[in-house]
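Bear in mind these aren't lab numbers, they're just calculated from the coordinates by the rules spelled out. For clarity, every value in this text was computed on a predicted model and none was experimentally measured. All Cβ positions, even for glycine, are placed from backbone atoms using ideal geometry, and neighbour counts span all protein chains on display.
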Amino acid sequence: MTDKRLLRVMLALYLVAVLVATVQRGILGIENNFAIFRWSFFHLVQGVDLYAPAPGQFDDLFKYSPTFALLFAPFAPWPFAVGLTLWNAMNAVGVWYAVTRLLPPRQAAWALGLSFIEVLTTVQRAQSNALCAASIILAFVWLRRGWQARAAAAIALGAFVKIFPLAAIAFALWERRRTRFAAIMVATLLLFGAVPLVATTPARLAAQYRSWVAIERQDARDLESECVHCPQKRYDGGGLYAGVMQQVRIWTGRPMPNWPVQLAGTLILLLPLAVRWKDRDNEDLRRRFLCSMLVYVVIFNHQSESPSFVIAVLGIAIWWAMSPRTPWRTALACLTVFVVSIGYSDAMPEWARQEVFTRYRLKTVPCTIAWIAMQLELLGWIHVDPLPPAPRSVSVEG
């Protein structure tokens, strides 16, 4: 099969995932996450508190930025199933597009294939994680091509969906025009933050931002004091996984703040930028740092949920696809797919899924092991011979 045809097959599979999710969640049922997102646009326009409960419209709470509520304008006015289809298509196709811009065709196809189950999972829940992953990857690609304004827009888009894509700013630390990019980034963030003013007043927007900050702080406090071994606690697969911090709480049985572990993880992430400064023009090294970043933003995110792991899986899949085939790398990739994707699917018995995989938040474990391996490679402690060069991408038009 030619590279062009292979990428078309992967695109078709991703679109099939969108159609399956729409039938399941938009026709046979009502997807609550999409209902939350959809109503957020109308609430913003009407001046209603975005972060207040809205019984009768959706369950749970809206926890995204006011900018995200406005950016949902293209999806909100349509009938529910149509809007859901468009939203899921943007997420799935966004991942496909980003990966095919990053990797040569054969490697891109492998990475997209390994990530397929997680992409299907995230679109089944109408989540925005695939969009965040695409924004981080495209920020990297566009920075490497010298398109700083596009890269800043990609980071800002991701950050106003979920805050953690701001970490992609670290890609610019190895760039030569860092000061220029910093200025563009600040201006872009201010612009994105003010965009909701086209639909609301300054006073109402300020109130929305205060509510958003308050709900984010409360979530962090609740998680830090969570009783991780309470016998009455039910471990819902859609709940918070909270990354490495929660693993520490689970195995010690004690509440603890997130920031010490997050700080340590951030220092370890950034260490190669200093240690390998002379190698900063090495394209393979930069891509490995991207892979590490994609895993980092999940396993050190105190608000990571089960669908968030599509981002980490993409990082591991890209890392494996661009690396020499070794037994240990392949074993790590297989372990990731088994634990993160299959272990939380209906293929796993219910008791094992709930009492083992979900109770102990095992999704974090293989991702953390893979991340440590990536960091060792970035630090030069594990030698890597890059795969032979190939064309950057293949057009699938025509």
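The figures follow:
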quantity	calculated
Within-12-Å neighbourhood charge of Gln24 [Cβ basis; K, R +1; D, E -1]	+1
Charge dipole (the chain, unit charges on Cβ, about Cα centre) - positive-most of Ser292, Trp251, Asn91	Ser292
Selection from Leu7, Phe41, Pro77, by position along the positive dipole direction of the stretch 1-114 (Cβ)	Leu7
Per-residue ³J(HN,Hα) for the stretch 307-319, Karplus 6.51 cos²θ - 1.76 cosθ + 1.60, θ = phi - 60°, Hz, x for Gly and Pro	x, 4, 6, 4, 5, 5, 4, 4, x, 5, 5, 5, 4
Cβ-defined net charge surrounding Ala170, 12 Å radius [Lys, Arg +1; Asp, Glu -1]	+1
The chain, relative contact order [Cα under 8 Å, separation at least 6], %	20 percent
For the stretch 230-385: relative contact order, % (alpha-carbon pairs under 8 angstrom, 6 or more apart)	33 percent
Net charge dipole size for the stretch 230-385 [Lys, Arg +1 and Asp, Glu -1 on Cβ; Debye, nearest 20]	320 debye
Sum of side-chain charges, Met185 neighbourhood, beta-carbon under 13 Å (Lys, Arg +1; Asp, Glu -1)	+3
Cα gyration tensor category, rounded, prolate or oblate, for the chain with a/c compared to 1.5	rounded
Cα gyration tensor category, rounded, prolate or oblate, for the stretch 230-385 with a/c compared to 1.5	oblate
Computed magnitude of the charge dipole of the chain (debye, nearest 20; Cβ of K, R +1, Cβ of D, E -1)	980 debye
Shape call, the stretch 269-311: gyration tensor on alpha carbons, a/c limit 1.5	oblate
Residues Trp259 and Leu61, FRET efficiency given R0 of 25 Å [Cβ-Cβ distance, rounded to 0.05]	0.55
Positive-end residue of Val261, Ser345, His302, charge dipole of the chain with Cβ unit charges	Val261
